[in-house]
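What follows is one structure encoded as structure tokens, with my remarks underneath.
The numbers here are math on the coordinates, done by the rules we state, and not lab data. Note that this is a predicted model, so its numbers are computed, not measured. We place every Cβ from the backbone using ideal geometry, glycine too, and count neighbours over all the protein chains shown.
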Amino acid sequence: MKGLELSREYYRQVGRPALQKEFPSLWGRIAAGLTGEGSECFGFDDALSRDHDFGPAFCIWLSKEDYLSQGEELQQAYDRLPFEFEGFFARKPTQYAGKRVGVFEIGDFYRNFLRMDRPPRTLAEWRALFENALAAATNGEVFEDGTGEFSAFREKLLGYYPEDVRLKKISVRCVGIAQSGQYNYIRSAARKEHVAAAHALALFTDAAISLVFLLNKRYMPFYKWMHRALLGLPVLGETAYEAFMDMYAPNQEGDLYRKNHDRIETLCARLIAELKNQGLTSKNSDFLLDHAPQVAERIRDENLRNLSIMVE
């Protein structure tokens, strides 16, 4: 059983009946689900995931008023729930994981990811957020939400970056992809600077996968899952996933650098085609650096548009 399914069934069969019985007046106002950090919240957990932070558990989110009046008692009741369900035992949290399940005040829960207890309102606030934190704050599933307060916050984030912020990020990714993958990777290899070449490939990987997420208007998760998460994206997701599988495949014969350079160029051609498809560039060039200014020109906010093409 996957972690999200385990959480849902534990809540439905065990948590909800017990807690609702003990807190009947509170129940129509709570939100419950599982979202946040952890592979199970993305649906990526497997047998290896079960050695830490895995087991029957869920989150309950309360308004500030309800949390102050009954949050402590509800947490105590949560802690008394059975430790075993469907053959799985309670979580074994690591010392660095922090609190991932249990009872939370809605604002405090989101503050943990966003450093604010409300949705961002300005371009500056959106630009200050960490994308992997946005991915964690919006993953998983909300099982129920009596007042809709938690889900309203969540939907604001799921609405994605303001378009100006997305365009700025796309333009910067175009520069990074061109610099690391199309230019420095093969030049470093020609100089036999193998460490520099490997680092260039890693930087290209990060920038190119990020661009695919931006083109899909989806938040890119923590680096460990960003490649795996490509498979869930309709626009170039599978294409990019397979391209990087080929680039990093072990025991390849022949000139690996030349093969990877060809793969980089093939992927870049697909990225440029999608930029054109979304109306973000009209330039005929196979070098992504040439497309960055065209994307940036479409930013409406003058201050953001006039920032250096290298500054996100």
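Here are the numbers for the structure shown:
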item	result
Relative counts (whole %) of C-alpha pair distances in the chain, using bins that are 10 Å wide	6, 24, 27, 21, 15, 7, 1, 0
Crossing angle, helix 149-158 versus the chain [Cα axis fit, 0-90 degrees, rounded to tens]	10
The range 163-305 - percent relative contact order, Cα under 8 Å, separation 6 or more	34
Calculated FRET efficiency for the pair Leu68/Ala128, C-beta based, R₀ 30 Å, to 0.05	0.60
Rounded to 5, percent antiparallel among DSSP beta bridges of the chain	70
Pairs of lysines in the chain (C-alpha under 26 Å apart; 8 or more residues apart or interchain)	26
The range 105-172 - convex hull of alpha carbons, volume per residue in Å³	86
Acute angle (nearest 10 degrees) that the helix 163-177 long axis makes with the longest principal axis of the chain, alpha-carbon atoms	50
Signed unit charges on C-beta, dipole axis of the chain, positive-most listed residue Phe109, Gly232, Phe204	Phe204
FRET efficiency estimate (nearest 0.05) - Cβ-Cβ, Met1 to Glu193, R0 51 angstrom	0.60
Computed [θ] at 222 nm, helices only, for the chain once each DSSP H run of length n ≥ 4 contributes -39500 (n - 2.57)	-14000 deg cm²/dmol
Sites excluded, chymotrypsin sites (Phe, Trp or Tyr not before Pro) in DSSP loops with at most 14 other C-beta within 10 Å, longest stretch of the chain	131-247
P(r) tail fraction, the range 3-158 - alpha-carbon pairs more than 27 Å apart, %	21
Helix axis angle, 194-216 relative to the chain longest principal axis, alpha carbon, degrees	60
Within the range 163-305: Cβ-based charge dipole about Cα centre, in debye rounded to nearest 20 (Lys, Arg +1; Asp, Glu -1)	260
Sparse-neighbour loop sites [trypsin sites (Lys or Arg not before Pro); the range 100-146; at most 11 other C-beta within 10 Å; DSSP]	Arg121
Length added when fully stretched, Arg121-Gln76, from 0.36 nm per residue minus Cα-Cα	12.6 nm
Distant alpha-carbon pairs in the range 163-305 (separation over 20 angstrom), percent	45
